[in-house]
Structures are given as structure tokens and as C-alpha cells.
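Okay, structure first, notes after.
What follows draws every value from the coordinates through simple rules; no lab data is involved. All of these numbers come straight from a predicted model, not from anything done at the bench. Glycine also receives a Cβ, built like all others from the backbone with ideal geometry; neighbour counts cover every protein chain displayed.
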Amino acid sequence: MASMSRFIQFNNEQIDARQMISYENLTRALANSRELQLTERQLMELNPQEQIASMSVFWRHRDEEKIHLGRLSDIYLLSEGFWRHFSLSEWRIFLEDLEDFRFPKLLSQLVLLGEEFRLMEYVQKSRPGTKKAFSVRREAYLTTYHHQIRVNQQKGLFAESLMNYFYIAIHEGQQKLPSGGIFDEFQPLLYLWQNVFDSRSTRDTATIILRLAPQIEEIIQKELFHNFYALLDQISNELIVDHEHKGVCGVEEGNSGEAKETIEETFRSWHRESEEDSGTHMRFELERGNEGKSLSNEAVEGRDDQQPTEEGAGGDQNAEAKPKKTDSVATKALKRKYTKSGKNFGKEHENVIYEEKKTAVSDDLEQIRILEQWRVDQQPQVKALATELRKRMVQKKTSKRTNLSYGRFNAKQVLDFMTETRPKPFYKKDAPSKPLDAVFGLLIDGSASMIDKMDETKQAVLLFHDVLRELDIIHELVVFYEDAYEASKEAQPNTFEWLHSFEDGKHDAIKEIASMDAHEDNRDGFAIRWMTDRLKKREEKHRFLLMFSDGEPSAFEYAQNGILDSAEAVIEAEKQGITVLHLFLNTEKPSDEQLKLFATVFGKQSIVADQVEQFSDITLRTLRKVLSHVVQGM
């Protein structure tokens, strides 16, 4: 059978997931928001409705220190600067004022340029430790803009040249500005532009740009073509207007107060209202006024037993929405066998529904006969490992100790009381033998790409199972997969099939292992969190989570964030005291990109086989190493 490879490369660049998680944690801490996520986009962005902040790809392809410090400068500006100290109310007023001018895009970008400078200065003063990152930022952008300003001039992109000109003027000084041609026309604009140094608010910056606008329109003939900032592109006008609406800002619930101004305040208020917006039979206005009357006269008294018969979606984004019937009896029956994950397994999996079940045992006698032969072939290795570990356990037992000051009395040394100044006629017995204090959870990738490696996977799982049964170690074997054909935006069905559960003890699962099969997709981060949840309830001292997989995560709307989410799931498991190990199974030698990706997700705990035939040997070596560690810790 032809090999199925599903390792995907995006522009030959892999995300350093663990580093991204550390950046995201910093962003959340600075913004004081646990929900905020961090991504990487063309330009810096803030999207409060989706709870996303985005760093710029501008920092790629530099030395590691500049990449790191440059990304930190983005994070500082986003989470400590624009998030908390940029006024959306003033921004809305400014956008309304732009209707009187010919170049609204250029003027709005100039406001963001001025605000970037103001907020950089503010963050540096409040957090002196950020100065190094902002110094790298200035140097990098100045180098870029010094090059761009001449190119833009030659292409006739004078609006772009003006953006470069103003950036250089405020960050490096007028002495570094070019002269001649269009630049001589820009020079008088600096008289007003230098007031940005004294700007203390978004209103101040917007006022400066509005005063500059008439002079700019006398010089510039074409609107700005390129974007320099995308910070507020994802903040809809509806969101801004909602929070300046008389029913939301100003006085709420009879209490006087300030209007919602910053992105942070708007974000928190908008999400609070979204969460509170529930109920199938309630009609209401999002208006201020505790004693206000409804504009509708169609209200009727509700009944407890009333059931909705139709659902519809409204709003200006879906004006043509049609009512839809509720689920059929068959659909409801299908959904009942699944459990809704909700928020228990992370934001990426809020719409996941999952099923836990025992695998259906196949009656394929030929497949069982093959596994029985593998067991016979592997039995010497299993016995040898078990014998080796038992010997180590015996050596670790405390030897019988005599001549002690306390313990059990040795009658043969009673004369020591007469002959010794400090008699020690006591001893201690050997410590009783005890089983290995460990538990294992094995997750087996059940996606379609495993189909050409299923025999080798079964052989490795059987070896794993036999070793742990021989040593009386509690373990669980679970195949996980997602139903790609039924997955949708509303629900992504996932299944966990037990080949062997913690409660099965020494039960022989050879028939269940023989029944393993490949399915569709794999949602790794979700599976790791599911097994972590089971392992953290165990009382054993040593808890191990192993994953047999042949590539990166692949599931419905999971391609972009699957790597980052899986890395985050691994870190969460490690915080619970669970050791996570990854065994990579493939028919070909892994590439450098694959190795780097596994390192970002699993750290140093990723083990690869150059050939699929080596998978059982690697499984055995991994078990020997892990179990030796457990014995050492007895």
C-alpha cells in the first residue's frame, strides 16, 4: 500500500508552539485577560470580539534576539498600550470627522502612527524593562522606512512617503530626513506634527491630525494604497457604536459613570452582555432604562412546558436569515450518545461532542491468530525486561540492618548490655516488596493516515500491553479520532475507543487490539486533555501519558491552531505532574521540519522511528527507560 503522509508545511515555516504559548501567557498577564489569545498576522491587530491579539510577521527572518525582542515590543504595545489606553469613543468621533476629507485612510493611519509613539513612551515610563525591546523596534522600523521612503517617492506613492517621513521625524529627528522634491513640501507639516510629543490621549493625537489634514490635501493627490497598521480593522463599527449608544454608556442601572472608552472596557462589557444574552422566549431591547416600555405589543405570558418549534438568526449581518426547524428525532438520538465538551477542554474545542465506548471486538480469527504469533515472538523480550526490572526492584529493597540503637530486639546480642559501653542489640527487617507505583495512559491516533501502519501499530500496542500486564501495572489503551464527515461548525463528533481501561486490571485485550482500525481525523490537543483529566484522578506516584501518532493534528477548523493547542495541552498535563511522551510512527525517516515541530509540541519527550519496522523496538526501549526511572524512585 502506498504511504500516506499528512505532514503539512506552511510556507516551509513552523510555529514554535512553546514559545508562542509563553508569549500568549505574557499577553494575558499584561492585559489581565485569561481569554485573550495570541496569533501572528501580517500586521499587528486587536480583535476583541474574537478575543484575539496578533503580532506582526515583520519580525521573522532576523536573528533570534531581534525576533524575540521585536515580538515583545508588539505584545507590549498591544496589551499594555492600545488595549488599555486607546480610546474607542474618541476614535469613533474621529472617523465621523473624516467624512469631510478626501483621504480618510491616510489620516486614520497617521493617528495610529502618532498613537504608537505616544503609547511606546507611556509603556517605557511605566515599565522601564521594556526599553530594550522598543529600542530594537525603533531601529528595525527606521531601517525599513529609510529604504522605503525613496522607493515610494520614485513610484509616486507620496502618501506612503509621508508615513515614512513622519515616522523618521518623530523617532530619529529632523536631521535624518531626506530633502528635495516632495520632501521639501513635507517639511512645513512638521510644525504641527511635532505636537505629537506632547500628546497625552487619543483625542490629542486625533486633533493634531485633523489640523494637519487641510495642508496634507494640498500636497497629496492620491489616497494611501498600503496599510501600515491594521490594529482596529477587526473592531466592527457596530461594536464601537453599541458602546457609545445611550442605552449602554453613561448611566447604567441608575448609577452615573464614565462611558466605555478603552478596548479593554469595551471588550469586557461586550462579552458580559453576550454571555447574559440567553433565553428562547424573551424579547428585549438592549437599551438603558430600568422603567422603559417595550416597543412591541405582542408580548404574551410564557409557559414552563413551551418548546421552540423554529429557530432563526437575525441582525444586519444575516438579514436574509430564514427560520429553521429543530432537529429531527433521529438527529436528537444521535446527539444524545455524545457528551458536550463545553469549556472543559479549551476554547478550540467548545463545539466538540465526544463519545466514550468499548471497542467492538472483531470476529476476524485470522487477525487474532497473527497477534497471537506476534505475542509468541515478543515473549522473550517481555520476560527479559520484566526480569531485569524485578532484579532492580530487589536491589532497591532495604537490606537487613543489624547493630542499631532501635528497632527489633536481637536476643543473640543480649550480652552486649554487659560488654559494650553503648549496646546496639536491635535490627530492622527487609522492606516488604511492593508493586511499581505507576499508571500509564496510551493514546493511539486513529486517523485515516494510520491505515498503512496499522499492523506495526497493533504489534507495538500489544508489546506495550504485555509488558505492563507482566509487571501488574495499571494502564489504559485508547484509540481517538474525529468523524470528518459529520463535523461542522456547530459540532465536531469525537470518539474515544477503549481497547483496555484502568478498570480492566490484568484482562487480556488481544482481541480488542486486533480490532483496531483507522478512521478519519485526529484532534490531538483535545485527546491529550481528555486523557490528562483521567490520569490526574489516579493516586499513583508516577503518571505517564503516551501518544502513538504519525503526524501533526488534523481536524475540522483545527489546522491553523492544532499545533499550538496540542503544545498547550502537553504543558497543562506536565503542570499536573503527568509525563507526556510522543512516539512518532511513519514509513519514512522524519524531516528536520517534522523533528522541529515535534520538539515544539512535546519538548524533548518525542521519540521517532526511522523505519516503521523499528516501532516495536523503540516502544520496548521507551518502556525500559521509563520503568527504570520508576524503579529508581521507589
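Just want the answer: with Cβ charges of +1 for Lys and Arg and -1 for Asp and Glu, which residue in Ala438, Ser515, Leu463 is farthest toward the dipole's positive end in segment 421-522?
Checked the options; the winner is Ala438.
Write down, largest first, the equivalent ellipsoid semi-axes of segment 182-225 in whole Å, where each equals the square root of 5 times an eigenvalue of the alpha-carbon gyration tensor. Don't skip to the answer; put the middle values down first.
Details: eigenvalues 84, 32, 13 Å².
After diagonalising the Cα gyration tensor, the semi-axes are 20, 13, 8 Å.
Binned at 5 Å from 0, what are the whole-percent values of the Cα-Cα distance distribution for segment 18-274, short to long?
That works out to 1, 6, 13, 17, 19, 17, 13, 8, 4, 2, 1, 0, 0, in percent per bin.
Among residues other than Ala386 whose Cβ falls under 13 Å from its Cβ, what is the net charge (Lys/Arg +1, Asp/Glu -1)?
Numbers: positive: Lys383, Arg390, Lys391, Arg392, Arg469, Arg624; negative: Glu388, Asp466, Glu470, Asp472.
Once all neighbours under 13 Å are counted, the net charge is +2.
Taking amide H positions as placed 1.01 Å from N in the peptide plane, with prolines and chain starts having none, which residues 5 or more places from Glu476, or on another chain, fall under 5 Å of its amide H?
Here the answer is Phe440, Gly441, Leu442, since their amide H atoms fall under 5 Å of that of Glu476.
Simple spin-label model, 7 Å along Cα-to-Cβ: Leu192 to Glu64 in nm?
Taking the simple label geometry, Leu192 and Glu64 are separated by 4.8 nm.
Assuming R0 = 22 Å, what is the FRET efficiency of Ser591 and Glu350, from their Cβ-Cβ distance, to the nearest 0.05?
0.10
With both bridge residues required to lie in segment 18-274, what share of the DSSP beta bridges run antiparallel, to the nearest 5%?
50 percent
What are the ³J(HN,Hα) couplings of segment 158-166, residue after residue, when phi is run through the Karplus curve with 6.51, -1.76, 1.60 and θ = phi - 60°? Round to Hz, x for glycine and proline.
3J(HN,Hα) across segment 158-166, in whole Hz: 6, 5, 5, 4, 5, 4, 4, 4, 5.
Name the long-range amide H neighbours of Val352: under 5 Å, sequence gap of 5 or more, or other chain; modelled H, no Pro or chain starts.
The answer is Ser341, Gly342, Gln492.
Starting with the highest mean, order 556-567, 595-606 by the number of other Cβ atoms within 10 Å, averaged over the residues of each peptide.
Taking the mean over residues of other Cβ atoms within 10 Å, the ranking is 556-567, 595-606.
Pull out the extension gain between Glu50 and Asp472, defined as 0.36 nm times the separation in residues minus the alpha carbon to alpha carbon distance; nm, one decimal.
Fully extending the segment from Glu50 to Asp472 adds 147.1 nm.
Obtain the nm distance between the two label points defined at Arg200 and Leu43 by a simple spin-label model: each point lies 7 Å from its Cα along the Cα-to-C-beta direction.
With each label point 7 Å from Cα toward Cβ, the separation is 3.0 nm.
List the residues, sorted by chain then number, that are 5 or more residues from Leu581 or on another chain and whose placed amide H is less than 5 Å from its amide H.
Under 5 Å from the amide H of Leu581 lie the amide H atoms of Leu545, Leu546, Met547, each far enough along the sequence or on another chain.
What FRET efficiency would be calculated for the residue pair Gln221, Lys575, taking the C-beta separation as r and a Förster radius of 41 Å, to the nearest 0.05?
0.10
Would you work out if segment 551-598 is rounded, prolate or oblate? Take a ≥ b ≥ c from the square roots of the eigenvalues of the alpha-carbon gyration tensor; rounded if a/c is under 1.5, else prolate when a/b is larger than b/c, oblate otherwise.
Details: a/c = 2.28, a/b = 1.28, b/c = 1.78.
Verdict is oblate for segment 551-598.
Residues with beta-carbon under 13 Å from that of Ala230, excluding Ala230: net charge, scoring Lys, Arg +1 and Asp, Glu -1?
Values: positive: Arg41, Lys105; negative: Glu40, Glu45, Asp74, Glu116, Asp233.
For residues surrounding Ala230, the net value is -3.
Which whole-number percent of Cα pairs in segment 535-634 have a distance greater than 23 Å?
31 percent
How large is Rg/Rh for segment 101-224, to two decimals, with Cα atoms and a Kirkwood Rh?
0.96
Give me the distance in nm between label points sitting 7 Å out from Cα along the Cα-to-Cβ direction at Lys506 and Glu172, one decimal.
In this crude label model, Lys506 to Glu172 measures out at 7.7 nm.
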